[in-house]
1. Quote the FRET efficiency, to the nearest 0.05, computed for residue 256 versus residue 18 with a Förster distance R0 of 30 Å and r equal to the Cβ-Cβ distance.
2. Could you check what % of the DSSP bridge pairs in segment 143-248 are antiparallel, to the nearest 5?
3. In degrees, nearest 10, range 0 to 90: what is the angle between the Cα axis of helix 266-279 and the longest Cα principal axis of the chain?
4. With axes computed from alpha carbons, what is the tilt in degrees of helix 177-190 against the longest principal axis of the chain, rounded to the nearest 10 within 0 to 90?
5. For segment 237-323, just run the numbers: alpha carbon Rg, then divide by 2.2 N^0.38 Å, N being how many residues it has.
6. When all C-alpha to C-alpha distances in the chain are sorted into bins of 10 Å, what percent of pairs does each bin hold, rounded to whole numbers?
7. Where both residues lie in the chain, what percent of DSSP beta bridges are antiparallel, nearest 5?
8. According to the Cα gyration tensor, what semi-axes, each the square root of 5 times an eigenvalue, does the equivalent ellipsoid of segment 337-421 have, listed from largest to smallest in whole Å?
């Protein structure tokens with residue numbers, strides 16, 4: 001799963017998306033994820049859906065001879081032409097509060113004091129944030145669970161008929177596991193190739209594990225927020241990897257652009273993509289990352305005019321990283337992974353071993369994105385179980401010969417990638 005996120009409001013009308021498909025395909029992506037494209041309510045937010053069976057007028061071409069639905073089908077066909085499968089956001093934990101659904105089926109929603117309940121969350125500062133443009137479905141308390149289920153299944157079937165092959169399930173942990181199990185099971189019965197991805201932003205590891213057990217093919221992990229030091233990420237990884245593979249991302253539509261966070265530090269942007277791509281079974285990158293975009297995407301206000309003109313072009317680097325991921329099985333699964341110790345605290349060493357093949361890998365990363373750091377080892381083979389030679393497949397400056405003892409001065413943020421084959425000769429203590 002090497003996923004390119006096309007943000008609809010930034011990409012513009014469906015008829016303009018082919019250039020993005022072409023670029024994504026050339027970089028080695030094999031999936032495209034699109035945020036909601038259905039008709040929004042009064043707020044205009046992509047995530048405030050008013051009509052699940054109509055489309056956002058900002059994305060369709062009114063003068064086209066094709067119907068809006070056919071324009072979507074044509075867009076997906078264009079993606080397939082470039083070898084890309086398309087997945088879409090499935091937003092069924094809430095809808096627009098001004099949707100006709102709340103009037104036709106008030107029994108499907110949560111109510112308080114005669115008003116429909118708005119979803120909320122608590123920000124990093126502890127303050128409660130209420131989304132006043134949304135109405136919260138009441139999966140646990142509705143007196144018409146079959147009617148609500150049939151409605152959601154109708155949405156799924158509609159999107160599959162358009163050509164979508166996967167669903168990123170927004171705030172999946174907020175819906176009952178039994179609901180997901182039934183929906184996923186019955187969907188896959190008729191459409192066995194369709195995949196389900198659980199968005200679990202803000203979840204604990206236990207919540208993520210419970211959500212994954214509902215039958216999801218993939219969950220999204222929290223590697224974006226890792227400081228490359230703490231062990232919490234490894235603990236989460238180990239807790240969930242036996243249930244479901246995961247997907248990493250260096251930034252997303254929900255977060256500030258990484259290039260902005262890092263004040264334009266290209267070494268850091270490259271470092272985080274390498275880590276995200278090789279750490280987990282899947283990786284997702286939002287459009288513009290390859291050009292160092294700094295302006296955060298907005299679910300209401302983003303427009304094609306916000307496409308940034310930069311002097312940054314990371315397409316070559318990203319292509320090489322994606323090639324590594326596609327070539328070696330160890331980077332296509334949530335494989336056993338350990339942080340190994342070394343003499344330089346500014347160097348991160350990750351050991352990975354495939355459970356599906358005999359692939360083994362060593363990733364050495366300079367945590368410091370501002371300064372060069374030295375790494376020394378008597379032999380790189382002391383870090384792996386394999387007896388076979390290591391091969392340097394690094395995206396930058398690969399060595400034809402790996403010396404012993406091994407000495408290397410890594411550029412800021414640079415990552416070295418080595419692969420080998422296990423022979424079962426050693427065991428890790």
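All of the numbers you see were taken from the coordinates with simple rules; none came from a lab. Worth saying up front: this structure is predicted, and the values here are computed from it rather than measured. Neighbour counts are summed over all protein chains in view; Cβ atoms, including those assigned to glycine, are modelled from backbone coordinates with ideal geometry.
1. Details: r = 29 Å, r/R0 = 0.96.
The calculated FRET efficiency here is 0.55.
2. Details: 0 of 9 bridges.
Looking only at bridges with both residues in segment 143-248, the antiparallel portion is about 0 percent.
3. Relative to the chain, helix 266-279 is tipped by roughly 80 degrees.
4. Result, in degrees: 90.
5. Working: Rg = 14.0 Å, N = 87, 2.2 N^0.38 = 12.0 Å.
For segment 237-323, the normalised Cα radius of gyration is 1.17.
6. Reading upward from the zero bin: 4, 20, 30, 25, 13, 6, 1, 0.
7. Values: 37 of 64 bridges.
Once the DSSP bridges in the chain are tallied, antiparallel ones form about 60 percent.
8. Numbers: eigenvalues 83, 37, 30 Å².
Equivalent ellipsoid of segment 337-421: 20, 14, 12 Å, largest first.
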